[in-house]
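Can you read through this structure? Questions will come right after.
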Amino acid sequence: MTSSPERFSAFAEKMRSENLPEIVISTFEKYYRHLVQGQTGLISEADILPVDSLPDTRQFDESMIGAGEAALSKTIVLKLNGGLGTSMGLEQAKSLLEVKDGLSFLDITARQVISSGIPMVLMNSFSTQADSLAALRKYPELQGDIPLDFLQHKVPKVVQADFSPASWPADPELEWCPPGHGDIYTALVTSGMLDSMLANGYEYVFVSNADNLGAVIDTAILGYFARNSLPFMMEVADRTEADRKGGHLAKLRNGQLILRESAQCPAEDMDAFQDVNRHKYFNTNNLWINLPALEQRLSRDDNVLELSMIRNSKTVDPTDSNSTPVFQLETAMGAAIAVFENAGAVRVPRSRFAPVKTTSDLLSIRSDDYVLNENFVVVPVADRRAGPAIVSLDPNWYKFIGDLESRFPHGAPSLLDCEKFTVSGDIRFGKDITLRGYVEMVNKTAQQVRVEDGAVISGYWEA
């Protein structure tokens, strides 16, 4: 078998032909060498310890708010905006999906940052850049001293059988994959965005997913981050049974915090991984980065921030299980918590993690259970004692946006007096529908059934 450097030359040539920067190539080479050497990226339970307690943001005092307000002029909001929302049937940036009061995720975020005077930057993919920037033209106030966006990169898929670059002539784009959102650190350098931010006096960046409506600037959290001169900080929330499969915070035996994703857990340790009483905190993907500290760390290591590798086993065509088995080498941006000495984590309320991942989530947010307040933050209605209704829509009929909107053509029903709303089967809802208590609606017929305008429904409903 050829040596690792000789085998990698085919990858380097392929990447240069796509005009990928040398930093991206050298970063990918490090992970490729790990792969060929037999490294799996797995993190054993024997090598880590649980994190028992963390500073709780709900207990921060007024002085933290003051410190945060003083740091606002040096702060930037950065949204990960590379996703197309294909799992919900979208073919454009997920952030352009209408989510509340006729506004998209991107509209809401733009209005938040304009009202606070904080710049916003997007990390786009090639698929999301044009549409997203076009949508932001309606907000000329966003144009400032730094560019509105920069692009994440792509890397080759690796054939599992011989570690060669994947080839798929039927659709050459399938030969490539995103390197995970850990690519943010490399992309900040190659785009010139890091230099631009520093040159204009910015010191702090708050990073979050574009579809997380709970990820808003909190001056007390910013104040804690700035006052303690932390290089990097992760917001974590309490894990519940619903979070058993998601990544969790842990620490090495020397006390260094780390992030372990499910793909990094050995099979024999999965019970411990999913024990939410042992590993109590999950990563919300709301991160705080100290820009001077990032620049210092990158310059020390030739602009390569070596994060723990995630080796994902896939097929080259994800829709064809018989196509060539490949590895996708990825990293998570939260893994940087293990790279920075003195990196921190804080416990935040669950409300700061409110992603819209399914049409059930979307219907709930669009309903009267939530309001868009004067600060352009989507929040649950204040006087709901039990919290928003739990919504569960049949994925056979409501999985995609088109399915949802054709069956709720007049918008969401009223959920203010509803505790749980479950739908099974093909049901089309009229306008001005009100749901009360625990509502389960089932259509057992082969045809779509319609709920008449103005209906008030409670308990079990069957057609």
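Given (1) assigned to a loop (DSSP other than H, G, I, E, B); (2) open to solvent by 50 Å² or more (accessible area, probe 1.4 Å), identify the lone condition not met by D131.
Of (1) assigned to a loop (DSSP other than H, G, I, E, B); (2) open to solvent by 50 Å² or more (accessible area, probe 1.4 Å), only one is false for D131: (1).
Does at least one position in segment 136-153 carry a residue that is open to solvent by 10 Å² or more (accessible area, probe 1.4 Å), touching a Gly at 6+ places or on another chain (Cβ under 7 Å) and either part of a loop (DSSP other than H, G, I, E, B) or at pLDDT 95 or above (or both)?
yes
What are the pairs with Cβ atoms under 6 angstrom where one residue, in segment 343-356, is modelled with pLDDT of 95 or more and the other, located anywhere, is surrounded by fewer than 19 Cβ atoms within 10 Å (Cβ to Cβ) and assigned to a helix (DSSP H, G or I)? Sequence gap at least six, or different chains.
So the pair list comes out as V346/T57; V348/T57.
Sticking with this structure for a sec: Please work out which one of (1) more than 23 Å from G182 (Cβ to Cβ); (2) open to solvent by 40 Å² or more (accessible area, probe 1.4 Å) is the condition R311 fails and give its number.
(1)
I'd like the full set of residues that are buried (at least 18 other Cβ atoms within 10 Å of the Cβ) and touching a strand residue (DSSP E or B) at 6+ places or on another chain (Cβ under 7 Å), limited to segment 73-96.
T75, I76, V77, L78, K79, L80, N81, G82, A93, S95, L96
Could you identify the single residue in E330, E341 that is crowded, with 20+ Cβ neighbours inside 10 Å and charged (D, E, K, R)?
When all the criteria are applied, what remains is E330.
Which residue, of L329, L307, is assigned to a loop (DSSP other than H, G, I, E, B), touching a helix residue (DSSP H, G or I) at 6+ places or on another chain (Cβ under 6 Å) and of a type in the set (A, V, I, L, M, F, W, C)?
Working: L329 fails: assigned to a loop (DSSP other than H, G, I, E, B).
The unique qualifying residue is L307.
Consider T186 against the criteria (1) open to solvent by 60 Å² or more (accessible area, probe 1.4 Å); (2) in contact with a Leu (Cβ under 9 Å, 6 or more places away or on another chain); (3) polar (S, T, N, Q): it satisfies all of them except one. Which criterion is unmet?
(1)
Looking only at residues in segment 344-367 that are open to solvent by less than 40 Å² (accessible area, probe 1.4 Å) and assigned to a loop (DSSP other than H, G, I, E, B), which one is farthest from W176 (Cα to Cα)?
First pass over segment 344-367, keeping only residues open to solvent by less than 40 Å² (accessible area, probe 1.4 Å): 344-346, 348-349, 352, 354-356, 359-360, 362-365, 367.
Add one more test, that the residue is assigned to a loop (DSSP other than H, G, I, E, B), and what stays is 348-349, 354, 356, 367.
Details: V348: 36, P349: 37, A354: 30, V356: 26, S367: 39 Å.
This residue is S367.
Taking K30, is it of a type in the set (K, R), touching a residue at least 40 places away in the same chain (Cβ under 8 Å) and over 30 Å from A237 (Cβ atoms)? Lay out the reasoning, then the answer.
On the way: of a type in the set (K, R): yes; touching a residue at least 40 places away in the same chain (Cβ under 8 Å): yes; over 30 Å from A237 (Cβ atoms): yes.
Yes: the conditions hold for K30.
So, one more: It is to be established whether one or more residues within segment 376-397 are among the polar types (S, T, N, Q), under 20 Å from E462 (Cα atoms) and either open to solvent by 30 Å² or more (accessible area, probe 1.4 Å) or assigned to a strand (DSSP E or B) (or both).
Within segment 376-397, one or more residues are among the polar types (S, T, N, Q), under 20 Å from E462 (Cα atoms) and either open to solvent by 30 Å² or more (accessible area, probe 1.4 Å) or assigned to a strand (DSSP E or B) (or both).
Determine whether segment 448-462 contains at least one residue that is without any contact (Cβ under 8 Å) to a residue 12 or more places away in the chain and under 25 Å from L90 (Cα atoms). Full working, then the answer.
If we filter segment 448-462 for residues that are without any contact (Cβ under 8 Å) to a residue 12 or more places away in the chain, which is where we start, we get none.
The answer is no, given that none of the residues of segment 448-462 is without any contact (Cβ under 8 Å) to a residue 12 or more places away in the chain and under 25 Å from L90 (Cα atoms).
Can you confirm whether M233 is within 25 Å of T75 (Cα to Cα), aliphatic (A, V, I, L, M) and in contact with a Gly (Cβ under 7 Å, 6 or more places away or on another chain)?
Values: within 25 Å of T75 (Cα to Cα): yes; aliphatic (A, V, I, L, M): yes; in contact with a Gly (Cβ under 7 Å, 6 or more places away or on another chain): yes.
So M233 passes the test.
I would also like to ask the following. Report, by residue number, each residue of segment 224-262 that is open to solvent by less than 40 Å² (accessible area, probe 1.4 Å), more than 18 Å from T57 (Cβ to Cβ) and not acidic (D, E).
The answer is P231, G246, G247, H248, A250, Q256, I258, L259, R260.
Kindly indicate the residue of segment 201-223 that is out of contact with any Ser or Thr (no Cβ under 7 Å at 6 or more places or on another chain) and part of a helix (DSSP H, G or I) and also least open to solvent (accessible area, probe 1.4 Å) among those meeting that condition.
G223
Of the conditions (1) under 23 Å from A215 (Cα atoms); (2) open to solvent by less than 20 Å² (accessible area, probe 1.4 Å), A166 satisfies every one except a single condition; which number is it?
All conditions pass for A166, except number (1).
Turning to a different aspect of this structure: Can we say F429 is surrounded by 17 or more Cβ atoms within 10 Å (Cβ to Cβ) and at pLDDT below 95? Don't jump to the end; show me each part of the working.
Details: surrounded by 17 or more Cβ atoms within 10 Å (Cβ to Cβ): yes; at pLDDT below 95: no.
The answer is no for F429.
Any idea which residue in segment 1-56 is nearest to F126 (Cα to Cα), counting only those that are of a type in the set (K, R) and open to solvent by 50 Å² or more (accessible area, probe 1.4 Å)?
To start, the set of residues in segment 1-56 that are of a type in the set (K, R) comprises 7, 14, 16, 30, 33.
With open to solvent by 50 Å² or more (accessible area, probe 1.4 Å) added as a condition, the list becomes 16, 30, 33.
Values: R16: 17, K30: 24, R33: 27 Å.
Per the criteria, the residue is R16.
Test each condition in (1) at positive phi; (2) buried (at least 21 other Cβ atoms within 10 Å of the Cβ) for Y370 and report the one that comes out false.
With (1) at positive phi; (2) buried (at least 21 other Cβ atoms within 10 Å of the Cβ) applied to Y370, the lone miss is (1).
The values are calculated or read from the model by the stated rules, or taken from the named source; none is laboratory data. If you're wondering where the values come from, they're calculated on a predicted model, not measured in any experiment. Note that we place each Cβ from the backbone using ideal geometry, even for glycine, and neighbour counts take in every protein chain shown. Just the protein is used for accessible areas: all its heavy atoms, side chains included, with ligands, DNA and RNA removed. Shrake-Rupley method; radii C 1.70, N 1.55, O 1.52, S 1.80 Å.
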